[in-house]
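Enquirer: Have a look at the structure that comes next, please.
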Amino acid sequence: MTIRFGTMQAPGSAADWLKTARNAERQGYHTILMPDTLRTASPFPALAAAAAVTTTLRVRPNVIAAPLRTAAVAVREIAALQQLSDGRFELGIGIGRPDAVQEAEKLGRPGGSASERRAHLIEIVAAVRAEVDPAPPVMIAASGPRMLAAAGRIADRVLPALYPAATEKDLAGIIATVRENADRPVAFTGQLIGIGDQLAPPPGNWQVPSAAELREAGSVGLLPADPAEAAAILEYRRDTYGIDEVIVPGALAEAFQPILDRLR
């Protein structure tokens, strides 16, 4: 089982964004990903632009916040991007970061309770699979036991939504919960937060411990700076947990390149 890699980016100028997409494809990344918040550009037009200047690079929001759209709106946008990417779209979806309720309300959408957000996510996934051709692979970001159980039942892939200091034990528990609720193989994705002493900027105003504090805590999102050691850890997690995809924030791309070269 090979490990594939995604790069998590946010557009600046149009020229820089298109260059980023081309570079990601050339460097061996499988997927380019974008966040979905009101503080960043909408992922749908940006990912369509990235798809237009590449031929193999897959495109995925990481992740669309279900409360921000009705199922009908989500289907319309996803169908367009699936068409414009020649079938290279992948649906990443979750119930939203902690501020998703406030963002939904700014768009005139109800934030809803946790159970309502889960039900809405399930509705969107079902609608996309029924109405988008070809239906894209579905990755669900999840952390709570109820959302993890739902992801186990309906997702093709799960991204454990871990807090920065989460340990490998925390990761193992999440994967076990997903598998207990799945009746078929489910793939897993890991997301890095740092390499060595370099950390990716946290989203929004989140406060993240220092690299030294994360290392002491045994953070599963922090890789060592040594490429051989880091590559061995990713191979171990692939073999042990089925984590066959790793998302690399753009700020860590340069530090990650020697690791990518070893594992390509």
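The values are calculated or read from the model by the stated rules, or taken from the named source; none is laboratory data. Bear in mind the structure is a predicted one, so any value in this text is a computation, not a measurement. We place every Cβ from the backbone using ideal geometry, glycine too, and count neighbours over all the protein chains shown. Ligands, DNA and RNA are stripped out before the accessible areas are found, and what is left, the full protein with its side chains, is counted by its heavy atoms. Shrake-Rupley method; radii C 1.70, N 1.55, O 1.52, S 1.80 Å.
Enquirer: Can you name every residue in region 193-206 that is part of a loop (DSSP other than H, G, I, E, B), open to solvent by less than 40 Å² (accessible area, probe 1.4 Å) and under 15 Å from Thr7 (Cβ atoms)?
Expert: Passing the criteria: only Ala200.
Enquirer: Any residue in region 210-233 that's of a type in the set (Phe, Trp, Tyr): show its pairings with residues that are part of a helix (DSSP H, G or I) at Cβ separation under 8 Å, as long as the two are six or more apart or on different chains.
Expert: Filtered contacts from region 210-233: no entries.
Enquirer: Give the residue that is most open to solvent (accessible area, probe 1.4 Å), with candidates limited to residues of region 112-126 that are over 19 Å from Asn62 (Cα atoms) and out of contact with any His (no Cβ under 8 Å at 6 or more places or on another chain).
Expert: Looking at residues that are over 19 Å from Asn62 (Cα atoms) and out of contact with any His (no Cβ under 8 Å at 6 or more places or on another chain), I get Glu116.
Enquirer: Any residue in region 35-62 that's without any contact (Cβ under 8 Å) to a residue 12 or more places away in the chain and farther than 15 Å from Pro136 by Cβ: show its pairings with residues that are outside any strand (DSSP E or B) and among the acidic types (Asp, Glu) at Cβ separation under 8 Å, as long as the two are six or more apart or on different chains.
Expert: Ser42/Asp36
Enquirer: Within region 227-241, can one find any residue that is closer than 30 Å to Leu38 by Cβ, hydrophobic (A, V, I, L, M, F, W, C) and touching a strand residue (DSSP E or B) at 6+ places or on another chain (Cβ under 6 Å)?
Expert: Taking region 227-241 as the starting set, the residues that turn out to be closer than 30 Å to Leu38 by Cβ are none.
No, because not a single residue in region 227-241 is closer than 30 Å to Leu38 by Cβ, hydrophobic (A, V, I, L, M, F, W, C) and touching a strand residue (DSSP E or B) at 6+ places or on another chain (Cβ under 6 Å).
Enquirer: Going by the structure shown, is Thr20 of a type in the set (Ser, Thr, Tyr) and in a helix (DSSP H, G or I)?
Expert: yes
Enquirer: Taking region 252-264, which residues are open to solvent by 50 Å² or more (accessible area, probe 1.4 Å) and closer than 11 Å to Gln198 by Cβ?
Expert: Just the residues of region 252-264 that are open to solvent by 50 Å² or more (accessible area, probe 1.4 Å), to begin with: 254, 258, 261-262, 264.
Scanning region 252-264 gives a single hit, Glu254.
Enquirer: When region 150-173 is examined, which residues are found to be assigned to a helix (DSSP H, G or I) and either buried (at least 16 other Cβ atoms within 10 Å of the Cβ) or small (Gly, Ala, Ser) (or both)?
Expert: Ala150, Ala151, Gly152, Ile154, Asp170, Leu171, Ala172, Gly173
Enquirer: Quick one: Glu25 ticks every box in (1) modelled with pLDDT of 95 or more; (2) touching a helix residue (DSSP H, G or I) at 6+ places or on another chain (Cβ under 7 Å); (3) surrounded by fewer than 22 Cβ atoms within 10 Å (Cβ to Cβ); (4) farther than 27 Å from Ile154 by Cα bar one, so which box is it?
Expert: Of (1) modelled with pLDDT of 95 or more; (2) touching a helix residue (DSSP H, G or I) at 6+ places or on another chain (Cβ under 7 Å); (3) surrounded by fewer than 22 Cβ atoms within 10 Å (Cβ to Cβ); (4) farther than 27 Å from Ile154 by Cα, only one is false for Glu25: (2).
Enquirer: Right, another one. Could you say which residue among Ala225, Ala212 is open to solvent by 40 Å² or more (accessible area, probe 1.4 Å), part of a loop (DSSP other than H, G, I, E, B) and modelled with pLDDT of 95 or more?
Expert: Every option except Ala225 fails the conditions.
Enquirer: Determine the pairs where a residue that is at positive phi, located within region 87-113, has a partner that is small (Gly, Ala, Ser) with Cβ atoms under 9 Å apart, the partner being 6 or more residues away or on another chain.
Expert: Pairs that qualify, where the first residue is at positive phi and the partner is small (Gly, Ala, Ser), are Gly96/Ala65; Gly96/Ala66; Gly96/Ala104; Gly96/Gly111; Gly112/Ala104; Gly112/Ala119.
Enquirer: Moving on. Among (1) open to solvent by less than 10 Å² (accessible area, probe 1.4 Å); (2) out of contact with any Asp or Glu (no Cβ under 6 Å at 6 or more places or on another chain), where does Pro43 come up short?
Expert: For Pro43, the failing item is (2).
Enquirer: List, please: which pairs have Cβ atoms under 7 Å, are six or more places apart or on different chains, and start with a residue in region 1-26 that is farther than 19 Å from Thr37 by Cβ and small (Gly, Ala, Ser) and end with one that is open to solvent by less than 40 Å² (accessible area, probe 1.4 Å) and part of a helix (DSSP H, G or I)?
Expert: As it stands, the answer is Ala21/Ala50, since those pairs meet every condition given.
Enquirer: Kindly provide the set of residues from region 174-192 that are within 20 Å of Arg215 (Cα to Cα) and either open to solvent by less than 50 Å² (accessible area, probe 1.4 Å) or touching a helix residue (DSSP H, G or I) at 6+ places or on another chain (Cβ under 7 Å) (or both), ordered by number.
Expert: Here is the first cut: in region 174-192, the residues within 20 Å of Arg215 (Cα to Cα) are 190-192.
Result: Gly190, Leu192.
Enquirer: Let me ask another. Counting just the residues of region 46-65 that are within 22 Å of Thr2 (Cα to Cα) and touching a Ser or Thr at 6+ places or on another chain (Cβ under 6 Å), which one comes out most open to solvent (accessible area, probe 1.4 Å)?
Expert: Filtering first and then ranking leaves Arg58.
Enquirer: Looking only at residues that are within 16 Å of the chain's Cα centre (by Cα) and among the small types (Gly, Ala, Ser) in region 127-149, which one is surrounded by the most Cβ atoms within 10 Å (Cβ to Cβ)?
Expert: For region 127-149, the residue satisfying everything is Ala142.
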